[in-house]
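What follows draws every value from the coordinates through simple rules; no lab data is involved. Predicted model only: the values in this text are computed from it and were never measured. Here Cβ is always computed from backbone atoms with ideal geometry, including for glycine, and neighbour counts include all displayed protein chains.
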Amino acid sequence: MTGDLALLGGVPIRTEPFHTWPVIDDRDEQMLLEALHSGRWSRWDGTYTRRFEEEFARFTGARYALAVSSGTGALEVAMRALGLGAGDEVIAPAYSFTAPIAAILSVGALPVLVDVSPESFCLDPTATEHAISPRTRAILLLHLGGVPCDMDRFSRIAEQHDLRLIEDAALALGTRMHDRQVGTLGDIGIFSFQAEKNLACGEGGAVVTNDDTLWHRAAEVHEYWNGHLVPHAGWTSRTLSYRISELQSALLISQLTRVEAQSDRRARHGALLDARVHSLPGLRPVSVPVGTTRNTRSLYLLDYDAATFGGVPKGRMIEALQAEGVPALPGYTHPIYENPIFSSHDSSYPQLPVELAQLRPEPCPVTENLCGERAIWLRQQTLLCEEWEIGQIGDAFEKIYEHRARLA
Ligand SMILES: Cc1ncc(COP(=O)(O)O)c(C=O)c1O
């Protein structure tokens, strides 16, 4: 490949942005206008939220779906539906976004943080088994960037130890294991519809379950009139509100019709990019567990080994990619146990567990390495572009490799 690196003053491989996000057309406009003019903007008297819930349940294969205000809200509703609280431990990945850990803390339970697998970047089943204690009630499975956790193994672990499985599928709509949507394989699952997610309406989320009791509890705790979904149990002062609006639900109905084709496209383009980067030393695309039928690739995840690539530090590699027109990201920059919100007592959460020191029961070297020098992420919309543009991403990696000595 000719030409100097863009970072060092050369011509970039591309200057145009990749695929735009969100994708909108006349159908979205029509749905939003219909909901607007209906004059019924709340699920109490509107119809769009119920309709979306039915369509989303059908789409995911879940028996029940409850639309809520955000992915974080969905996590809190799931924790409350499971009845988790003070004295309970929930095993969760140390390589994680804050929301699932904050949701565990919000009900007064203790997150026990465990390392992830270097192959999948998702919770390590063996490390999880070692972290189980008599107080463990549940395992929180974060399907990172669309890569599914090893659900076969986690289902066996849960059965053996009588634990609940909570799936955070905020980044995994479209990922299937054994042809089933992740999020519907454990006891209760959640999705996020925040603007950057595979299915987006600005802000929103959903709880899914196949369990009658959990669905009833989720409906009850998600707002003080339980969305008129289950017989009215009374208006209790302790019920919060996680309601979604009818305008967001209307938009979700039209956006949902694109998810299948977009997931296929990202999966196909992700595989093409895997083949390109595999040929370069020091770059390994993330692996999915046996049984995965489709990785929806909400993120394109790479394991980067700077030493093998020629000593180019990860930060420099990302700068060089960005300069070539590839919007690469460093991913989570520190293990979740280093997040200051968990090490200082916040008086707005009076029920925070006192055992916060246990947040890091064992060292998590894989997480430390991913946050430090190893993980590189690309956003999902990058993979929605044309096939020749995927080729340009491969070209950028090759160009940087060719000039590695000048960046090391
Ligand atoms: C893995 C994961 N879980 C939960 C959430 C929270 O979703 P929301 O932003 O809709 O509250 C996010 C948001 O990015 C996420 O990445």
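Kindly rank 397-407, 295-305 from highest to lowest mean number of other beta carbons found within 10 Å of each residue. Walk me through the numbers before you get to the answer.
Working: 397-407: 19.0, 295-305: 24.8.
Highest-to-lowest ranking by the protection proxy: 295-305, 397-407.
With +1 on each Lys and Arg Cβ and -1 on each Asp and Glu Cβ, how big is the dipole of the stretch 30-86 about its Cα centre, in debye rounded to the nearest 20?
Using Cβ point charges on Lys, Arg, Asp and Glu, the stretch 30-86 gives about 120 debye.
What number do you get for the stretch 259-349 when its Cα radius of gyration is normalised by 2.2 N^0.38 Å, N = residues?
Cα Rg divided by the expected 2.2 N^0.38 Å: 1.40.
Per DSSP helix of 4 or more residues, -39500 (n - 2.57); summed, then divided by the residues of the chain. What does that give at 222 nm, rounded to the nearest 500?
Numbers: 12 runs with 143 residues, N = 408.
That calculation yields -11000 deg cm²/dmol at 222 nm.
Considering only the chain, what is the antiparallel percent among its DSSP beta bridges, to the nearest 5?
Around 60 percent of the beta bridges assigned by DSSP in the chain are antiparallel ones.
Set Lys and Arg Cβ to +1 and Asp and Glu Cβ to -1, take the dipole of the chain about its Cα centre, and tell me which of Ala6, Leu384, Leu36 lies farthest positive.
Leu36
According to a simple spin-label model (label point 7 Å from Cα along Cα-to-Cβ), what is the distance in nm between Glu398 and His278?
So the label points at His278 and Glu398 sit 1.6 nm apart.
Calculated FRET efficiency, Arg406 and Val230, Cβ-Cβ r, R0 60 Å, to nearest 0.05?
0.40
Compute log10 of I(q)/I(0) for the stretch 159-264 with the Debye formula, placing one identical point scatterer on every Cα and leaving out solvent, at q = 0.15, 0.20, 0.24 Å⁻¹, to two decimals.
-0.74, -1.15, -1.33
Place the peptides 180-187, 53-60, 152-159, 8-15 in order of packing, highest mean first, counting for every residue the other Cβ atoms within 10 Å and averaging per peptide.
Per-residue mean Cβ counts within 10 Å order the peptides as 180-187, 53-60, 152-159, 8-15.
Val11 to Asn369: extension gain in nm, 0.36 nm per residue of separation minus the Cα-Cα distance?
125.7 nm
Give the calculated FRET efficiency between Asp162 and Thr333 to the nearest 0.05, with a Förster radius of 51 Å applied to their Cβ-Cβ distance.
Once rounded, the FRET efficiency stands at 0.90.
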